[in-house]
Amino acid sequence: MAKPGIAAQVYSVREAAEKDFAKTMAALRECGYEGVELAGLYGLKPEEVRDCLKEQGLTAVSAHVGLDLFLEDMEGTVSAYHTIGCSYIGIPWLPKERHYGGEKFEETCGFLKKLSAACAERGMTLLYHNHNFEFEKTEKGTYLLDEFFDAFDEREMQTEQDTCWVNVGGEDPVAYLKQYAGRCPVVHVKDFRRTDGQVELVALGQGEQDVPAIARAAVECGAGWLIVEQDDHPYGEPMENMRISCRCLKEIQL
């Protein structure tokens, strides 16, 4: 079983990336990351992002790209991330009206199938990244998220499970990864703690997630990349938290 790569979701250090993208990429590489998942281009051209990542020795694993950008210009947007060298395109979220039971569900599924085909033509794979609201139950007793994935062939849509939000949504991250074994090439490893009923994101190993169990399950289920994402940093500085998280993953026997 191949050891997975460890990548950083650039959204975790977005303020630094906006000020100096190249310096931020160098800092992530120094932390020990092997790749990144983009969240925007920070005012740069695709070729500039590609060259910067290559210079730092970072793999352009994937990118979170909002649906609106594809609705405006599907071919141009897909081509931009192909130029950068991304293997995966992740839809970061969809509003409830575009999920099962919503008025735009069928329309959305139809468009995403076309988008998936456009990605596949360029050797890329389409993913969907969940939050916790998709674990609301439908009238059938199923989850919105499961109904969404059931609407696609596995070749059309793969999962990008955010294991924090899986947990907050009420599911066991390990069990949920196993439910989608073979369909989870990229997994978000994220830790959190609950304080007065509120979810606070923390560096890996500092919260209530069983990070070693999640990381091992991800690998067993086919993940080639583990991605660290910390949306905000109520404790500590962003880059230092990313350093702690990377070290935590590297210390796990995978």
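For the residues GLN198, GLN206, GLN158, a GNM of the chain with alpha-carbon springs under 10 Å puts the largest fluctuation on GLN198. Simple spin-label estimate for LYS178 and LYS137 gives 2.3 nm between the two label positions (7 Å along the Cα-to-Cβ direction from each Cα).
Using a/c under 1.5 as the rounded threshold, could you call segment 1-142 rounded, prolate or oblate? The axes a ≥ b ≥ c are square roots of the C-alpha gyration tensor eigenvalues, and prolate needs a/b larger than b/c, oblate otherwise. Here segment 1-142 falls in the prolate category. Per-residue extension of 0.36 nm, minus the Cα-Cα distance of GLU72 and VAL199, leaves a gain of 42.3 nm for this segment.
For segment 1-152, with all protein chains in place and a probe radius of 1.4 Å, 48% of the accessible heavy-atom surface sits on carbon or sulfur. Roughly how many nanometres apart are two label points built 7 Å out from the Cα toward the Cβ at LYS23 and GLU55? It works out to 1.4 nm between the two label points. How high is the relative contact order of segment 1-54? Use alpha-carbon pairs under 8 Å, at least six apart in sequence, and give a whole percent. Normalised by residue count, the contact order of segment 1-54 is 44 percent. With contacts taken as Cα pairs under 8 Å and at least 6 residues apart, the chain reaches a relative contact order of 20 percent. As a ratio to 2.2 N^0.38 Å, the alpha-carbon radius of gyration for segment 5-85 is 1.04.
Divide the volume of the convex hull around the Cα atoms of segment 111-180 by the residue count and you get 91 Å³ per residue. Taking label positions 7 Å along the Cα-Cβ direction at both LYS3 and ALA213, the computed distance is 2.5 nm, reported to one decimal.
For the modelled label position 7 Å from the Cα of TRP93 along Cα-to-Cβ, which residues of segment 130-152 have backbone nitrogen atoms closer than 11 Å? Within reach of a label on TRP93: 130-134. The charge dipole of the chain, taken about its Cα centre with unit charges on the Cβ of Lys, Arg, Asp and Glu (plus for the first two, minus for the last two), comes to roughly 700 debye. Per-residue extension of 0.36 nm, minus the Cα-Cα distance of GLU240 and GLU107, leaves a gain of 43.6 nm for this segment.
This structure gives percent of Cα pairs over 30 Å apart, computed directly, and of (1) 23; (2) 20; (3) 35 that value is listed as (1). With an a/c value of 1.5 or above and a/b larger than b/c for the gyration tensor axes a ≥ b ≥ c computed over the alpha-carbon atoms, segment 60-132 is described as prolate.
The values are calculated or read from the model by the stated rules, or taken from the named source; none is laboratory data. Owing to the predicted nature of the structure, the values given are computational and were not obtained by experimental measurement. Note that we place each Cβ from the backbone using ideal geometry, even for glycine, and neighbour counts take in every protein chain shown. Just the protein is used for accessible areas: all its heavy atoms, side chains included, with ligands, DNA and RNA removed. Shrake-Rupley method; radii C 1.70, N 1.55, O 1.52, S 1.80 Å.
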